[in-house]
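Here is the structure we will look at.
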Amino acid sequence: MAKITAHDLAKKQKEISVAEFFERNKHILGFGNQTRALITSVKEGVDNGLDACEEANILPDIYVEIKNHEDSECRLIIEDNGPGVVKKQIPHIFGRLLYGSRFHAIRQSRGQQGIGISAVVLYGQLTTGKHAKITSKVESDRPAVVANLVIDTNKNRAEVTGKDTVHWEKPTGTRIEVSIVADFKRGKKYVYEYLQSTSIVNPHAQITYKEPDGTVHLFERTSEVLPRKAIEIKPHPHGVELGTLIKLAKHTKARQLNSFLKSEFSSMGDRTTNAVIDKAGIEKTINPKTMTREEFLAIHKAFKKVKIMSPSTECLSPIGETLIKRSLKNETHEISPEFIITASRPPSVYSGNPFQIEVGLVYGGNLPKEEPVKIMRFANRVPLLYQQGGCVTTSAISSIDWRRYGLTQPSGKGVPTGPAIFLIHVSSTLIPFTSESKEAIADVEEIENDIKLAFRECARKVQHHIHKKVRRAKTREKFDLITRILPEIAKKSANMLDKPVPILDPIITKIMDIVWIEDIIEYEKVSREPVQTTLIGNNPEGQKSGGTITKSRIMVVNYKRDPQKFNLYAIIPKDAVVGTINPKPSKITSNFIKWNLDAIPPANKIDVIFELAGLEQGDFDENDLYIENINPTFVIGADKWEGE
Amino acid sequence: MVKKDYSNVIEKIDLVAAKIYDDFQQTHIPSLNLPTRTKANIKFDDNLNVWKYGANTTERSAKSLDGAYMLLRTMYMADFIKEMIKINKSSTLREMYYISEGWDLAKFHSQQESNLLAEDLEVITSCMREDFKLRPEEDGARVIGNLTIEEMTRNNTKKKIHCQDDVGDAGYSIPYNVEPEKINIKGTDADFIIAIETGGMFDRLVENGFDASHNAILVHLKGQPARSTRRFIKRLSAEKNLPVLVFTDCDPWSYRIFASIAYGAIKTAHISEYLATPSSQYLGVTPSDIENYNLPTDTLTKEDINALKSELTDPRFQDSFWKGEIKLQIKIGKKSEQQALAKYGLDYVTDTYLPEKLSEMGITKK
């Protein structure tokens, strides 16, 4: 056999285009089989649309349609009302892999690598030979552009084959139509679940979904407020690789090491910078561009040895407990759960990357009692549907003993069984996924601990809730007895003896022997003062006028034999403004209202009323009530006031 | 036969209503007390020679929801009984359960509940179910033997029935009411009564003519005997001075059948003196018989063993005979049936086993 030289080999060595690479490795990006391909395509399209809208400060209105004329081929249509894409950029955004604006930014965002939507276009072309059609409108008074895209997989470039303009009612927006080989029959359930889950963590978005048979699902918007924009931050010294450090030094405008460190990294003040340079044993005025690899290594090592403040968490955009609760309530409406509880952790950091954990728990109602709890996992507002078993969220849940909280869990380990849904949202500038297909979050200790802490807090709230409920139910039973059964017994015994019916009041207080506190919450829609506009009829859509007044009526009944006099506290929920209060409170702070109630005679009741504004209907469905100057065991419906 | 006077019953029922009414008037939480109806609370009554409820009482108080429901139901049931007495009707326990459907809040969730409450009411008022014009679903069992009964028929005529000559092989059927207003026991020249647990053994003795050959009255118990069967045995034994021999399977449940006949049942301990026949004797099959007669057996189940152990702590089974037999049975771990005697042929029970046992017990001479 002839000897093969390096020159012979060189003839065969050539660049592999990214697109070609994808073609051969599509399973890594979530296109492994026909079911997965469908869901990944929907996901990339929807993510893209949501991102576009949020960046342009538009409340997202996403339309998803799947047509399924042939068994194995779907036509997928995804529309948003975002800012649109300028003509020239269409082939880059939709037809070129690894092209995007978010890859270099350190802040929370859905996609990062710029593979997403172009991978869908490429997958469609590879599997069906049909070209994707993009419609984009960037200005409300201009027509929309329609482009057919062909990707050249060798060059990682797309060409526009047909271009046209059409009329489109939307002021601005983007529409992508792509044919893909996919299994709708199998994927149907997952697509629905994916969109429903997406709607839960994106309460500001409205998603309309049309299935091939014409069924339309509407996932309604439950918040009119766009999420806080995540602010881009500089890399944190604890999260930076040596190579990145060297690269940053090459491109910096700073001429001295100390100003380089201060300007290119977050959390680096004068004192920290000097401490790092001291530890590294390098001159602080050295020009970073002339530094050697060894010197960089010394700096990199010094980063780990010096205490550096955590990075700013403004780069994160958590959903917020109120909104999580509201959208869970909206989506689980048919289940009519007993309660929904949320908890969130303060922002934290792993390897220099900020992250934050939020969790929610839906309990009871029509949820199946014999099945493992449903776990809904989200990373940066994107649902994670696969590889639940290999995800840090699952291992965190499994390590908590749920038996104390009314769920079954053999040997106190593993995913518990019971009528519950667990929701976890991890937001981070860099979600540590286990693989490129972004389906599971890696086992990072800091993240796992925070998830555990959040769920423990939730569990404690659940326990408190159940305890309260049981006590209340027991007392309610007594009420039942007093109001219905006791009079019957009295009547029957009197009739049998032909005597007048005896008086019941003294017996009632004797049996109850408590003070009963119960609140009723009502919501009243009110119109706000009309907004002053200069142009009549130019009131932009989506700006709804009016709001909700939350009215709480607290009923306090004395079923004890003596008059009762005590103080009552009601906690004011976050974001709420207090309106009318009756009777006059003795104290109001930003957190609570306090009443010094008059003495209530036996078998008498008083009503305490207060109104709250600034909340949506259903945000607030139970008052936190506390009492003071009375034995708390006498009282049902309020806990002991422990001070502010 | 006498027409029954119910004024005493009405008086007792009204006392229950009055107790509740007075509680309301005196601002006490309404309540009723009744003896605790469990194994732990039965005591031997030396005067009556039977087991009765002891001093422990259970309070039914309106303090709890369950208690309040019980009181309301008690009121409804008392009123219903009063009404039946007034219009001279009676009803079955099942009929009363269906009638309670119309009692609104006081309705029962199962007939078991209403049956138990009827018993409670007997206990509280020291009346009998018959006083309340309530009757059970099932009839009493069957009787064959040289015995003449006089029964008041539904046409209000008296009819004499001879329990061999006037009946078929199924025997005379004991009515639910065996009180003097319904039946009188006339003549008999039988020497003893054998109460038999299973229908198969009763029929075997009938087919083999044991009643005639040994001058016996055969009573079929039909498992756990109904009140009327026990009352019938009691009256027959007492009025005609006849010994009673109980012939059952050899297992713990059969011993309880014997106990209900001889000592009184836990559930009906308030009326033990009406129902129990203290002089009854257990004939067999005993655990010793299993060994002596080498009978075919089954292994005791876990439930059987638990029942036997429970009987060792039952105050009614504390004599040396029962302690010995029960301990023996636990030791051998076996049980047997009456009909296992067929191992030695169909006539073995009447020709050999019963005569041997009866003479052993001194009922007949060898």
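Exactly one condition in (1) in contact with a Cys (Cβ under 8 Å, 6 or more places away or on another chain); (2) among the β-branched types (Val, Ile, Thr); (3) open to solvent by 50 Å² or more (accessible area, probe 1.4 Å) is false for A:ILE180; which is it?
For A:ILE180, the failing item is (3).
Return the pairs, sorted by first residue and then second, in which the second residue is among the acidic types (Asp, Glu) and part of a strand (DSSP E or B), the first residue lies in the range A:570-588 and is in contact (Cβ under 8 Å) with a residue 24 or more places away in the chain, the beta carbons are less than 9 Å apart, and the residues are 6+ apart or on different chains.
A:ALA570/A:ASP519; A:VAL578/A:GLU611; A:GLY579/A:GLU611; A:THR580/A:GLU611; A:ILE581/A:GLU611; A:ASN582/A:ASP607; A:PRO583/A:ASP607
Please indicate, with yes or no, whether at least one residue in the range B:38-49 is open to solvent by 10 Å² or more (accessible area, probe 1.4 Å), of a type outside the set (Gly, Ala, Ser) and within 26 Å of A:ASP498 (Cβ to Cβ).
Scanning the range B:38-49 turns up no residue that is open to solvent by 10 Å² or more (accessible area, probe 1.4 Å), of a type outside the set (Gly, Ala, Ser) and within 26 Å of A:ASP498 (Cβ to Cβ).
Among the residues of the range B:185-206, what is the count of those that are surrounded by fewer than 19 Cβ atoms within 10 Å (Cβ to Cβ) and either touching a helix residue (DSSP H, G or I) at 6+ places or on another chain (Cβ under 9 Å) or in a loop (DSSP other than H, G, I, E, B) (or both)? Quick ask: steps written out before the conclusion?
Of the residues in the range B:185-206, the ones surrounded by fewer than 19 Cβ atoms within 10 Å (Cβ to Cβ) are B:185-187, B:189, B:191, B:199-200, B:203.
If we keep only those that are either touching a helix residue (DSSP H, G or I) at 6+ places or on another chain (Cβ under 9 Å) or in a loop (DSSP other than H, G, I, E, B) (or both) as well, we get B:185, B:187, B:189, B:191, B:200.
Count: 5.
Residues of the range A:243-255 being crowded, with 16+ Cβ neighbours inside 10 Å and either in contact with a strand residue (DSSP E or B) (Cβ under 7 Å, 6 or more places away or on another chain) or not in a helix (DSSP H, G or I) (or both), which ones?
A:THR252, A:ALA254
Quick check on the range B:18-31: of everything there that is of a type in the set (Ser, Thr, Tyr) and not in a helix (DSSP H, G or I), which residue is nearest to the other protein chains (Cβ to nearest Cβ)?
B:THR27
Taking A:SER398 as meeting all but one of (1) at pLDDT 85 or above; (2) away from chain B (no Cβ under 14 Å); (3) open to solvent by 50 Å² or more (accessible area, probe 1.4 Å), write down the number of the exception.
Against the list (1) at pLDDT 85 or above; (2) away from chain B (no Cβ under 14 Å); (3) open to solvent by 50 Å² or more (accessible area, probe 1.4 Å), A:SER398 comes up short only on (3).
Of the residues A:VAL556, A:VAL578, which single one is assigned by TED's automatic domain parsing to the domain that holds A:VAL526, part of a strand (DSSP E or B) and open to solvent by 30 Å² or more (accessible area, probe 1.4 Å)?
Details: A:VAL556 fails: open to solvent by 30 Å² or more (accessible area, probe 1.4 Å).
Sole residue among the options that is assigned by TED's automatic domain parsing to the domain that holds A:VAL526, part of a strand (DSSP E or B) and open to solvent by 30 Å² or more (accessible area, probe 1.4 Å): A:VAL578.
Which residue pairs have Cβ atoms closer than 9 Å, lie 6 or more positions apart in sequence or on different chains, and pair a first residue in the range A:518-532 that is open to solvent by 90 Å² or more (accessible area, probe 1.4 Å) with a second residue that is modelled with pLDDT under 65?
Correct list of pairs: A:LYS525/A:GLY546; A:SER527/A:SER545; A:SER527/A:GLY546; A:ARG528/A:SER545; A:ARG528/A:GLY546; A:GLU529/A:SER545; A:PRO530/A:SER545.
Taking the range A:491-500 as the search range and keeping residues that are under 12 Å from B:ALA18 (Cα atoms) and not in a helix (DSSP H, G or I), which one is farthest from the other protein chains (Cβ to nearest Cβ)?
A:ASP498
Quick check on my filter: what residues within the range A:614-643 are acidic (Asp, Glu), under 30 Å from A:SER327 (Cβ atoms) and either in contact with a Cys (Cβ under 6 Å, 6 or more places away or on another chain) or in a loop (DSSP other than H, G, I, E, B) (or both)?
Here is the first cut: in the range A:614-643, the ones acidic (Asp, Glu) are A:616, A:619, A:621-622, A:624, A:628, A:639, A:642.
Then keep just the ones that are under 30 Å from A:SER327 (Cβ atoms); that gives A:616, A:619, A:621-622, A:624, A:639.
Matches in the range A:614-643: A:GLU616, A:ASP619, A:ASP621, A:GLU622, A:ASP624.
Hey, among the residues in the range B:53-73 that are touching a Pro at 6+ places or on another chain (Cβ under 6 Å) and open to solvent by 20 Å² or more (accessible area, probe 1.4 Å), which one's farthest from the other protein chains (Cβ to nearest Cβ)?
Per the stated criteria, the residue is B:TYR53.
Just checking, how many residues over the range B:299-313 are surrounded by 12 or more Cβ atoms within 10 Å (Cβ to Cβ) and over 13 Å from B:TRP253 (Cβ atoms)?
2
Taking the range B:74-102 as the region of interest, how many residues are open to solvent by less than 30 Å² (accessible area, probe 1.4 Å), more than 10 Å from every other protein chain (Cβ to nearest Cβ) and over 25 Å from B:PRO175 (Cβ atoms)?
Selection size over the range B:74-102: 1.
Checking B:LEU34 against (1) in a strand (DSSP E or B); (2) away from chain A (no Cβ under 12 Å); (3) open to solvent by 40 Å² or more (accessible area, probe 1.4 Å); (4) under 30 Å from A:ILE508 (Cα atoms), which single condition isn't satisfied?
(3)
Return the residues of the range A:265-292 that are outside any loop (DSSP other than H, G, I, E, B) and open to solvent by 50 Å² or more (accessible area, probe 1.4 Å); say none if nothing qualifies. Show your work before the answer.
Quick first cut of the range A:265-292, residues outside any loop (DSSP other than H, G, I, E, B) only: A:270-280, A:288-290.
If the condition is that a residue be outside any loop (DSSP other than H, G, I, E, B) and open to solvent by 50 Å² or more (accessible area, probe 1.4 Å), then A:ASP270, A:ARG271, A:ASN274, A:ASP278, A:LYS279, A:LYS289, A:THR290 are the ones that fit.
Tell me, yes or no, whether the range A:118-129 has at least one residue that is assigned to a loop (DSSP other than H, G, I, E, B) and either open to solvent by 60 Å² or more (accessible area, probe 1.4 Å) or modelled with pLDDT under 80 (or both).
no
State all residues of the range A:183-217 that are open to solvent by less than 10 Å² (accessible area, probe 1.4 Å) and not small (Gly, Ala, Ser); if no residue qualifies, say none.
Within the range A:183-217, A:VAL191, A:TYR194, A:LEU195, A:THR198, A:ILE200, A:VAL201, A:ASN202, A:PRO203, A:HIS204, A:ILE207, A:TYR209 qualify.
Can you give me the ranges of the helices (runs of 4 or more DSSP H) entirely in the range B:270-327 with at least 2 residues that are farther than 30 Å from B:GLU239 by Cβ and without any contact (Cβ under 8 Å) to a residue 12 or more places away in the chain? Don't jump to the end; show me each part of the working.
On the way: elements: B:272-275, B:287-292, B:302-312.
The helices (runs of 4 or more DSSP H) meeting that bar are B:302-312.
Based on this model, can you work out whether A:LEU423 counts as at negative phi, touching a residue at least 40 places away in the same chain (Cβ under 8 Å) and buried (at least 18 other Cβ atoms within 10 Å of the Cβ)?
In short, yes.
What single numbered condition from (1) open to solvent by less than 60 Å² (accessible area, probe 1.4 Å); (2) at pLDDT 85 or above fails to hold for A:ASN449?
(1)
Residue by residue through the range B:9-22, note down the ones that are open to solvent by 70 Å² or more (accessible area, probe 1.4 Å) and free of Cβ contacts under 8 Å to residues at least 60 places away in the same chain.
Taking the range B:9-22 as the starting set, the residues that turn out to be open to solvent by 70 Å² or more (accessible area, probe 1.4 Å) are B:11, B:15, B:19.
If the condition is that a residue be open to solvent by 70 Å² or more (accessible area, probe 1.4 Å) and free of Cβ contacts under 8 Å to residues at least 60 places away in the same chain, then B:GLU11, B:LYS19 are the ones that fit.
From the list A:GLU477, A:GLU488, which one is open to solvent by 50 Å² or more (accessible area, probe 1.4 Å) and at the interface with chain B (Cβ under 7 Å from one of its Cβ atoms)? Working first, answer last.
Values: A:GLU488 fails: open to solvent by 50 Å² or more (accessible area, probe 1.4 Å).
Selected residue: A:GLU477, the only one of A:GLU477, A:GLU488 that is open to solvent by 50 Å² or more (accessible area, probe 1.4 Å) and at the interface with chain B (Cβ under 7 Å from one of its Cβ atoms).
The values are calculated or read from the model by the stated rules, or taken from the named source; none is laboratory data. Not measured: the values here are computed from a predicted model. Positions of Cβ are generated from backbone atoms using ideal geometry, with glycine treated the same way; all protein chains shown enter the neighbour counts. Ligands, DNA and RNA are excluded from the accessible area calculation, which covers all protein heavy atoms including side chains. Shrake-Rupley method; radii C 1.70, N 1.55, O 1.52, S 1.80 Å.
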